[in-house]
Amino acid sequence: MNMSERTVVIAGAGVAGLACAWWLARQGWRAVIAERAPHLRDGGYMMGLSGPGLLTARRMELVPALRAVEREIGENVYRDRRGREVMRIRYRELLRQLDWITLRRTDLVQVLHAAVRDHAEIRLATTVADCSQNAHGVDVTLSDGSQLRADLLIGADGVRSPLRAQVFGAEAAAPSPLGYRYAAYDVDDDTGMARDFVSYAAPGHQVEYHGLGGGRKAALHVWRSHETGWVEAPRRLGLLRELARTTHAEVGRQLDTLSADTPIVMDDLALVELPRWHQGRILLAGDAAHSLSLISGQGAGMALAGAYVLAQELGRLPIEQALAAHERRLRPVIDSLQQRSRKLAPVYVPASAFAFGLRNTALRLLPRLILKRYFLSGLKSEMEAAAALG
């Protein structure tokens, strides 16, 4: 079959889905994206793009657009629940030497959308309702009733991927919780934060505020939780207010300024660990295949890099062989990052008062030079991962 005649249907218009569409459209594929949300989401948490992800963005010539939405970080002040300063990280100094872009995940999605919207068909408020495959293709029925014959179906529909459950079964549908939850939202800034971070930390609960300018700031909560599963939107604000009783009073005050209809993103911190990411001509990508959790700092970057690797393999091999080759190249890096996420979670948000105090004491006493070396060594490992992916 001529490459220009090939069709890919992609479930999900997040980082992984849009990046896959961009790379495959560049090779002459017809790309159809089904996104369940009625619009691309605004807001969301902050992230750093570096290593394999930034290298891929550079290959896509997206760096100027990403720099245009970059969020400058001055410094991060950590305070305990009594308001005492635990430590101060001067990110402006640390990041000056690094190939790094700080932005919101949704800003990255918007940049990708702008790059691909003229080269792919994006259907909002639409999902993959059904699919079946044989050796020659995949029959896909969308929730709008349309039926498509595709050469490849990609599930890039997130940690709770419906397509993963449909294709790989109920057992594969369940992510592996790390024992934490997170929530992200925007709130008015009446403290004059400018572009800095302020973090309020308590045992089992950490809250970060990042100034966005224009009188707004982004908030991110991460807390220890034995409960798992989806939290319905009407319950989210109340749950956060209950949590705030054990942390600094400023966190509760900020939550009290929110209205009941404030959009709050909330979910478990979880890994998706599967023995295989593909079945025949159906592939899972990004968080649907191998969620790293936001603690890794590399989920979006690896979604970008994975799309690049997929396009490389599809450019030189038949589809099913290409999917296997894509997984062979990507899996060692993903496995390493998932192991790192498991180790980092209890350090990022210590569950007990003893572990919390020990972590804070260590951070206070840690010389700035050692902290700087830690950041630089982390970037070096990311660049080694990029080199391994080709």
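By its C-alpha gyration tensor, with a ≥ b ≥ c as the square roots of the eigenvalues, how is region 98-152 shaped: rounded for a/c under 1.5, else prolate for a/b larger than b/c, else oblate? Provide the component values of the computation, followed by the final result.
Numbers: a/c = 2.91, a/b = 2.19, b/c = 1.33.
Note, shape of region 98-152 comes out prolate.
In Å, the Kirkwood hydrodynamic radius of region 215-354 over pairs of distinct alpha carbons?
On the way: mean 1/r = 0.0563 Å⁻¹.
Answer for region 215-354: a Kirkwood hydrodynamic radius of 17.8 Å.
Hey, what's the Kirkwood Rh for region 78-204 if you take every pair of different alpha carbons, in angstrom?
Its Kirkwood hydrodynamic radius stands at 19.9 Å.
Please list the equivalent ellipsoid semi-axes of the chain, computed as the square roots of five times the alpha-carbon gyration tensor eigenvalues, in descending order and whole angstrom.
Over the Cα atoms of the chain, the semi-axes work out to 37, 23, 20 Å.
Would you calculate, for the chain, the mean residue ellipticity at 222 nm contributed by helices, counting each DSSP H stretch of 4 or more residues as -39,500 (n - 2.57) and dividing by all residues, to the nearest 500?
Calculated at 222 nm, the ellipticity per residue is -12500 deg cm²/dmol.
What list do you get for S143, S199, S132, S291 if you sort them by fewest beta carbons within 10 Å? All intermediate terms of the calculation are to be shown ahead of the outcome.
Values: S143 14, S199 18, S132 10, S291 27.
Lowest to highest Cβ neighbour count: S132, S143, S199, S291.
Mind listing P(r) for region 1-110? All alpha-carbon pairs, 5 Å bins, whole percents.
Result returned by the calculation: 2, 10, 16, 17, 16, 13, 9, 7, 5, 3, 2, 1, 0, 0.
Going by C-beta contacts inside 10 Å, put D151, D107, D139 in order with the fewest on the left.
D139, D151, D107
Report the full-extension gain for the segment R342 to A114: residue separation times 0.36 nm, less the Cα-Cα distance, to one decimal in nm.
Gain in length upon complete extension: 78.6 nm.
Given the Cα-Cα distance of S143 and E320 and 0.36 nm per residue of separation, how much length would full extension add, in nm? Write down the numbers at each step before the final one.
Working: separation 177, 0.36 × 177 = 63.72 nm, distance 2.64 nm.
Computed gain between S143 and E320 is 61.1 nm.
Arrange I10, I282 by Cβ neighbour counts within 10 Å, fewest through most, would you?
Numbers: I10 31, I282 24.
Ordered from fewest to most neighbouring Cβ atoms within 10 Å, I10, I282 come out as I282, I10.
Say R0 is 30 Å: what FRET efficiency, to the nearest 0.05, do A351 and D256 get from their beta-carbon distance?
It comes out at approximately 0.70.
Using R₀ = 41 Å, calculate the FRET efficiency as 1/(1 + (r/R₀)^6) where r is the Cβ-Cβ separation of R84 and E242; round to 0.05.
Calculated value: 0.95.
Coordinate-derived values only; no laboratory data. From a predicted model like this one, the values you see are computed outputs, not experimental measurements. Ideal geometry is used to build each Cβ from the backbone, glycine not excepted, and the neighbour counts take in all protein chains shown.
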